[in-house]
Amino acid sequence: MAVTKKELLDLLNKDIEWEYAAAIQYVQHAAVITGAKYESIQKELLVHANEELAHAIMLSEQVDYLGGVPTASVEKTLTSPDSLEMLKQDLAGERQAIENYKERIAQAEALREYGLRRILEDILIQEEEHERDIKTVVE
């Protein structure tokens, strides 16, 4: 989907909102997840939280560089009293992020924003790693 620079900035700001939400959700899930089988993923969720915050920072820097104003808004977070359901929520979020970043990479490429494209590719690699980490426990 071809977009204007303004539309791309709006989409990047929405991505920032989702990154903030993911970081918060991971912190909350790591704090309340229970069960011996989830012990290793519990620690990994905190690593993911830090990486999601780093993604928000990288995207904010790009929005500013491209002439926009980075958002301070946060998208919705999901919670559950069930540990497996929490991980399913996290997995769904990662899968959505992967699709969004693939689209965003193509949009940056179309606008000849190659530096942005490179940053988005780096974020995508980490999001795919997050998906793999969670998938091993959920599926």
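Where a number appears in this text, it was derived from the coordinates with a stated rule and is not lab data. Because the structure is predicted, anything quoted here is derived from the model rather than measured.
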Legend entry - For the chain, average projected area of the Cα convex hull in nm²: 7.7 nm²
Legend entry - Proximal lysines to Lys102, defined as alpha-carbon separation beneath 30 angstrom and excluding residues fewer than eight positions away on the same chain: Lys5, Lys6, Lys14, Lys43, Lys76, Lys88, Lys135
Inset, instruction - For the chain, calculate the relative contact order in percent as a whole number, restricting contacts to Cα pairs under 8 Å that are 6 or more residues apart. - result: 31 percent
Inset, instruction - State the Cα centre-to-centre distance between region 62-123 and region 9-36 in whole Å. - result: 11 Å
Legend entry - Relative counts (whole %) of C-alpha pair distances in region 1-50, using bins that are 10 Å wide: 25, 34, 20, 16, 5
Inset, instruction - Report, please, the projected area of region 84-134 averaged over directions, based on the convex hull of its C-alpha atoms, in nm². - result: 3.1 nm²
